[in-house]
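Inspection log for the structure reproduced underneath, given as structure tokens.
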Amino acid sequence: MKIQLKDGSVRKYENLVSIFEVAKELSEGLARVACAGEVDGNIVDLRYILSKDCTLSILTFEDENGKLAFRHTTSHILAQAVKRLYPNTKLAIGPAIKDGFYYDFDFENTFTMEDLEVVESEMKKIVKENFEIHRFTLNRADAIAFMQERGEKYKVELIEDLPEDEEISFYKQGEFVDLCAGPHLLSTKNVKAFKLTSVAGAYWRGSEKNKMLTRIYGTSFAKNSELEDYLTRIEEAKKRDHRKLGKELGLFTIMDEGPGFPFFLPKGMTLKNLLIDYWRKLHEREGYVEISTPIMLNRELWETSGHWDHYKDNMYTTKIDGEDFAIKPMNCPGGMLVYKSVPHSYKELPIRMGELGLVHRHEKSGALHGLMRVRCFTQDDAHIYMTKEQITDEIKGVVRLIDEVYSKFGFKYHVELSTKPENSIGSDEDWEIATAGLKRALDELQMNYVINEGDGAFYGPKIDFHLEDSIGRTWQCGTIQLDFQLPLRFEAEYIGADGEKHRPIMIHRVVFGSIERFIGILIEHYAGKFPVWLAPVQIKILPISEKFSAYSKDVLMKFKEKGIRCEMDERDEKIGYKIREAQLEKVPYMIILGEKEAQSGMFSVRSREQGDIGALSFESVIEHIESDK
RNA sequence: GCCGACGUGGCUCAAUGGCAGAGCAGCUCACUUGUAAUGAGCAGGUUAUCGGUUCAAAUCCGAUCGUCGGCUCCA
């Protein structure tokens, strides 16, 4: 690695540790150095902070740590501005996050969007004041005393949770000091481009039981142009929001009369049915059978399953002839009854039993979000009953299936493995077998995954598949959950080779997750331009004028006979107008029919992506459509 | 549920205490159309709901419902 310093001299170093050496050298061992330099041919703005304990931070905005530092420093400036304007405010925490930062405050009075502008101006002042940022450390007792003296009770609580023998680090800029591990920029003036974006509530330490604090979100970049780019990108992404496109394309709607209960419109229903057709074919191939269980079952069942005790707040209940009933929030108990309705032999296992089940859950009003988070949705559920020995193979089969489906749509996804939580039930041995089984399956398939320690369901560990929406929020879609509890509660059995009764292992799994959520993600993923096989309307026929209406109808029928989803726009409008509308509807193909076409028998075809693609015969249009399966 | 913002014809938005408006969509008429908007006319509103302040409320205040951005929870 070569570094060219500002004075023009060039130094060569082996690795990043060597950069630390040059910094120390230039600063005579104990100082802060900033230099613009060249690393491997790229000019970068290198900034270092060398502290007493010789920790080194490399701060270039191109680098993830550098972004964190920019944003973290901006978050300190935010806190400094808030303390200046509202001195009695208590500070909580203020980390850098993906795309920005936030800071949580305990304000004396309510803080609103209008106050945000005032704070932003104060922040600009602080940047101008050009405070150097210094790091210092205290031992634990002194650190606690220091924050107590300042009345920062949240900070005191944070320090109390830190290891006893650790030196506690602080960062100081002007009159402002904050408990912080760093790293930070050299000076407040290095913050060039920032913007406060929103005000939100957030519970102290993320717990509903604690006080709700005021969280201020913002973002910060090295250059103004980068901030502009970022804001433009967000605006662009919002254009593909599934709620907006869902309305524009006539796919679905959610009305005030049913908060969280989506209505599917004709085109959305076509899309949904196409996904279901695809799902059925795939599952038949994979050896699944399909069942359907009632939407409402009696209290006794939900008591057996444990839902009545553990999930009642999320269930809609009613009485029938004086007896309590609940609308199903999950399909498994009903499925369990189906399994139990006849005796099973080990020879039948694994049994893969699918159900496209409509479930209802009373989600908190604030959690609702378009199709992504609703109160009734269709799970593409399946339960697999099997022996312990079959765990790994079955999991592998499901993981492969999920990967096949997501790949078909071109989704990037990430996988999380969640392990035994605090409130778990069942023996440690079972948990170990189950977790190891999930792990082995993922490892054997060479999947990348992160482990979510303690985040499993209380009845078993799980693998979750997460997909991203248009502005980078991730949504859990596919999941595979191992369950020992339900077979136990329902006393599910199979007869083994030894003639004895055994308890099967059960997995719950979904591929789409919920069809509603999956459609939401699909809309955003394709920005409404569905591939031909999924497009609610594949061809739109546009007659030049009313004279060609009859001919166009014949053509329409010919395509319909081939099973192609086809519409015709026979309104008394100019062709340019009809094309514009069809384009805005994002129909993959348009066929324009007039004198020329009626004579030649060829069709003038326009594609959504390429515009006019010339004259095609009926057969070659069909080919175009089919090649996109 | 909690914190903040918002709610005006089907849609997108205007009207900052003084006559509720525009564009698109819809309907009618004329034009009979050749690759992203033909023209003219008509109709469409209890300004989310309920209550209050005021000579006067879309506008100010309160409550309720809903939506949006977060938190918690979750497919």
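What to note about this one:
- Share antiparallel - DSSP beta bridges, chain A, percent rounded to 5: 85 percent
- Debye equation applied to the C-alpha atoms of segment A:453-574, log10 I(q)/I(0) at 0.10, 0.16, 0.20 Å⁻¹: -0.62, -0.90, -1.08
- Remark: accessible surface ordering of A:330, A:602 (largest first) is A:602, A:330, probe radius 1.4 Å.
- With the convex hull drawn over the C-alpha atoms of segment A:222-277, the volume per residue is 126 Å³.
- For the pair residue A:619 and residue A:362 in one chain, pulling the backbone fully straight at 0.36 nm per residue adds 87.4 nm over the alpha carbon distance.
- In terms of accessible area, using a 1.4 Å probe and ignoring ligands and nucleic acids, A:226, A:394, A:609 rank largest first as A:609, A:226, A:394.
- Projecting the Cα positions of A:512, A:434, A:568 onto the charge dipole of chain A (unit charges on Cβ atoms of Lys, Arg, Asp and Glu, taken about the Cα centre) puts A:568 furthest along the positive direction.
- Rounded, prolate or oblate (a/c below 1.5 giving rounded, otherwise prolate when a/b exceeds b/c) for chain A by Cα gyration tensor: oblate
- Potential extension, residue A:628-residue A:600 segment - 0.36 nm per residue separation minus Cα distance: 7.4 nm
- Think of chain A as a dipole: +1 on every Lys or Arg Cβ, -1 on every Asp or Glu Cβ, centred on the Cα centre; then among A:169, A:536, A:116, A:536 lies furthest on the positive end.
- Sequence of A:310, A:369 from largest to smallest accessible area, 1.4 Å probe: A:310, A:369
- In the context of the full set of protein chains, residues of segment A:502-591 present 40 Å² of accessible surface per residue (probe radius 1.4 Å, heavy atoms only).
- Surface composition of chain A: carbon and sulfur atoms hold 49% of the protein heavy-atom accessible area at a 1.4 Å probe.
- Within chain A, helices built from complete DSSP H runs that reach 30 Å or longer along their own axis (Cα positions) and carry a mean Kyte-Doolittle hydropathy of -1.0 or higher are A:64-85.
- Nitroxide proxy distance, nm - points 7 Å out along Cα→Cβ at residue A:571 and residue A:551: 2.3 nm
- Given a 1.4 Å probe and the protein chains as shown, residue A:217 ends up with an accessible area of around 60 Å².
- Radius of gyration and Dmax over the Cα atoms of segment A:288-378, both given in Å: 15.0, 48
- Site pair residue A:273 and residue A:432 shows an inter-label distance of 5.3 nm when each label is modelled 7 Å from Cα along Cα→Cβ.
- For the residue pairs A:247/A:272; A:272/A:340; A:124/A:195; A:90/A:189; A:420/A:501; A:67/A:189, the alpha carbons lie more than 22 Å apart in A:272/A:340; A:90/A:189; A:420/A:501.
- Potential lengthening between residue A:423 and residue A:612 on full extension [0.36 nm per residue; Cα-Cα distance subtracted]: 61.9 nm
- With all protein chains modelled, accessible area of residue A:383 [1.4 Å, Å²]: 10 Å²
- Here each label is just a point 7 Å from Cα along the line to Cβ, and for residue A:409 and residue A:310 those points are 2.8 nm apart.
- Our helix-only sum for chain A, with -39,500 (n - 2.57) per DSSP H run of n ≥ 4 divided by its residues, gives a mean residue ellipticity at 222 nm of -10500 deg cm²/dmol.
- Using a Förster distance of 30 Å, the FRET efficiency for residue A:452-residue A:303 (Cβ separation, nearest 0.05): 0.50
The values are calculated or read from the model by the stated rules, or taken from the named source; none is laboratory data. Fair warning: this is a prediction, and the values are worked out from it, not measured in the lab. Every residue, glycine among them, receives a Cβ derived from its backbone with ideal geometry; neighbour counts consider all protein chains shown. The protein model used for the area step is the full one, side chains on, heavy atoms only, and it has no ligands, DNA or RNA in it. Shrake-Rupley method; radii C 1.70, N 1.55, O 1.52, S 1.80 Å.
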